[in-house]
Amino acid sequence: MSTKKTIAVVGATGAQGGGLVRAILSDPGHEFNVRAITRDVTTDKAKELARLGAEVVAADLDNPESVKKAFQGAYGAYCVTFFWNHFSPEKEKDNAKTMAEAAKAAGVKHVIWSSLDDTRKYIPLNDNRMPTLMGKYKVPHFDAKAEANQFFTDLGLPVTILNTAFYWDNFIYFGAGPQKGPDGKLAITMPMGSKRLPGIAAEDIGKCALGIFKAGPKYIGKTVGIASEFLTVKQMADEFTRVLGQEVGYNDVPPEVYRSFGFPGAEDMGNMFQFKRDFEKEYTGSRDLNLSKQLNPSLLTFRQWLDKNKGLISIK
Ligand SMILES: NC(=O)c1ccc[n+]([C@@H]2O[C@H](COP(=O)([O-])OP(=O)(O)OC[C@H]3O[C@@H](n4cnc5c(N)ncnc54)[C@H](OP(=O)(O)O)[C@@H]3O)[C@@H](O)[C@H]2O)c1
């Protein structure tokens with residue numbers, strides 16, 4: 001039997017968890033075994049992880065007993081929630097509590113909780129610069145994660161709170177990429193003004209997480225904010241112009257216009273970008289580029305990420 005420590009990874013078939021599973025499997029030091037958690041071990045994605053060498057197990061965050069079982073015997077656990085699957089901050093908090101309790105029950109030695117900032121520290125609910133959403137949030141998918149930090153800390157878990165950043169992959173999979181306007185010209189639409197947006201390749205979040213696990217106790221009890229670069233939307237649009245060989249502009253809409261776009265989560269996203277725009281100094285200040293690079297020396301720049309992924313950008 002292997003004596004290597006096992007890291008249990010939630011969301012293993014997804015962006016963050018998938019990045020971590022692959023990072024662990026391709027780590028030259030082979031320091032850890034990886035247990036990939038999925039709701040369905042029979043999907044192609046799950047089978048691919050097994051083929052690559054992961055132990056693949058079934059668990060559902062909506063079923064606490066299954067999560068307890070999946071964490072059993074693990075040295076580490078990577079915990080992440082899936083706001084965009086259900087749009088419910090309350091469910092996000094329930095799911096985080098489930099993972100914290102499962103980690104406690106299993107005696108996990110190092111938990112990484114993938115979190116985000118509490119925007120209400122900067123914009124209290126009675127501040128009308130942006131609407132309050134769902135009665136008690138400014139940016140529900142941020143605020144709920146931040147609230148959930150306490151489930152991990154209150155139980156006295158050996159936890160690293162990992163504050164992640166905007167995935168550049170949103171330009172491919174989340175409808176944020178260049179789109180043709182009524183004038184036929186390509187543009188990226190975001191309410192960021194000329195402020196810098198901390199960003200990262202999704203796969204690099206998992207690689208940073210591996211760096212945190214490898215560092216042992218160093219980051220236990222700490223909050224670590226990661227990003228690869230802080231770029232203005234104009235700078236990113238210019239990179240798109242370069243790789244696509246056609247002009248990509250920046251459509252800088254006001255946040256209230258973005259909030260009115262009507263797609264699911266538009267208000268949440270509009271508030272999120274407004275927070276990042278209006279609190280650029282604080283938000284960029286909470287993401288450490290040097291530390292991110294230290295944790296993950298192969299951290300991609302936006303240019304490198306775009307060169308690698310340009311074939312996946314579909315222009316509408
Ligand atoms: N997009 C961004 O820029 C960004 C930036 C920072 C943070 N985030 C946060 O990242 C989180 C999502 O992480 P992600 O992007 O890695 O997700 P993802 O790529 O959408 O992956 C979701 C994975 O989670 C699994 N899953 C879904 N519901 C589950 C459940 N009830 N129990 C167990 N597993 C479940 C699914 O796997 P199976 O189907 O195999 O079970 C799926 O592969 C969100 O909360 C979001 O707010 C996103």
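Tabulated values for the structure
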item	result
Inter-label distance, nm, simple model (7 Å from Cα along the C-beta direction), Asn290/Ala266	4.3 nm
Degrees between helix 202-214 axis and first principal axis of the chain (Cα, 0 to 90, nearest 10)	40 degrees
Potential lengthening between Asp60 and Glu282 on full extension [0.36 nm per residue; Cα-Cα distance subtracted]	76.4 nm
Kirkwood Rh in Å, taken over all unlike Cα pairs in the stretch 1-153	16.2 Å
Surface accessible to a 1.4 Å probe, per residue, for the residues of the stretch 181-316, Å²	45 Å²
Value in Å of the Kirkwood radius, where the chain supplies the Cα pairs that are averaged	20.1 Å
Low-density loop cleavage sites - chymotrypsin sites (Phe, Trp or Tyr not before Pro) in the stretch 146-189, where at most 16 other Cβ are within 10 Å (DSSP)	Phe174
Accessible-area composition of the chain, carbon plus sulfur, in percent [1.4 Å probe]	51 percent
Backbone N within the stretch 252-268 under 15 Å of label point (7 Å from Ser314 Cα along the Cβ vector)	none
Cross-link table Lys234/Lys310; Lys109/Lys218; Lys5/Lys93; Lys5/Lys218; Lys138/Lys293; Lys5/Lys69, entries beyond 22 Å C-alpha to C-alpha	Lys5/Lys93; Lys138/Lys293
Between 0 and 90°, nearest 10: helix 89-106 axis offset from the chain longest Cα axis	20 degrees
Gained length - Val257 relative to Ile220, 0.36 nm times residue gap less alpha-carbon distance	9.2 nm
Centroid-to-centroid separation of the stretch 11-38 and the stretch 138-157 [C-alpha atoms, Å]	24 Å
The stretch 78-182: Rg to Rh, with Rh as the Kirkwood radius over Cα pairs	1.04
Rounded, prolate or oblate (a/c below 1.5 giving rounded, otherwise prolate when a/b exceeds b/c) for the stretch 227-308 by Cα gyration tensor	oblate
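The values are calculated or read from the model by the stated rules, or taken from the named source; none is laboratory data. No experiment lies behind these values; they were computed from the predicted model shown. When we count neighbours, we look across all protein chains shown, and the Cβ atoms used for this are built from the backbone with ideal geometry, even at glycine. Remember, those area values only see protein heavy atoms, side chains included, never the ligands or the DNA or RNA. Shrake-Rupley method; radii C 1.70, N 1.55, O 1.52, S 1.80 Å.
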